[in-house]
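Contents: one structure, followed by commentary.
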Amino acid sequence: MIKEEHEVAIMGAPQGPGPVVSTVVNIQPETAVPDHIVWSLFNTLFFNFCCLGFVAFAYSVKSRDRKMVGDVIGAQSYASTAKCLNICALLLGLLGTIGSIVLLVLVVLPTVSYAITQAMQNHGGY
C-alpha cells in the first residue's frame, strides 16, 4: 500500500455534506472625520495671529481624541471649531503679511530713500 493511501484509509473517507459553520464579523467602517491637525500646526507655526493657530491646534487634538474614543459627534464638533479658527488665523495672518509688505513698500522705503537723498545733498555727496 502507498503511504498516501494508508493515510486515507486510517483517516477515513471524506464524509458527506454536513452543516457548514461560518462566522461573520461585522466591522463598523471608520467614519472619516477630518481633524485638521496638519493645517492647525501650520497656522500655529506661521500664522499664529492672536494665538488663533494654537487654539485651533488644541481643538484639532481634542477632535482626534474624540475620534479615537468613538465619539463621532464630539469629534465633528471640535473639528468644525478647529476649521473655523484655522480659516480666521489664515485670513488674518495673510492680511497682516500683505499689509506689512504694503506698508514697507509705500511708507518705509520712500522715507528711507528721501532721507538718504537729503543726507547726500547736505554733506556734499558723502
Assuming R0 = 30 Å, can you tell me the calculated FRET efficiency for the pair Val102 and Val61, based on Cβ-Cβ distance, to the nearest 0.05? 0.25
Cβ-Cβ cut-off under 15 Å around Tyr78, Lys and Arg +1, Asp and Glu -1: the net charge is +2
All other residues with a Cβ under 12 Å from the Cβ of Ser40 taken together, and with Lys, Arg as +1 and Asp, Glu as -1, what is their net charge? +2
Return the carbon/sulfur percentage of the accessible area of region 22-99, one whole number, probe 1.4 Å, all protein chains in place. 69 percent
Space enclosed by the convex hull of the alpha-carbon atoms of region 31-126, per residue, Å³: 90 Å³
Give me the number: length gained by fully extending Ser22 to His123, i.e. 0.36 nm times residue separation minus the C-alpha to C-alpha distance, one decimal in nm. 26.5 nm
Heavy-atom accessible area per residue, region 39-126, 1.4 Å probe: how many Å²? 69 Å²
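The values are calculated or read from the model by the stated rules, or taken from the named source; none is laboratory data. Just so you know, these numbers come straight off a predicted model, no measurement behind them. Glycine gets a Cβ as well: all are built from the backbone with ideal geometry, and neighbour counts include every protein chain shown. The protein model used for the area step is the full one, side chains on, heavy atoms only, and it has no ligands, DNA or RNA in it. Shrake-Rupley method; radii C 1.70, N 1.55, O 1.52, S 1.80 Å.
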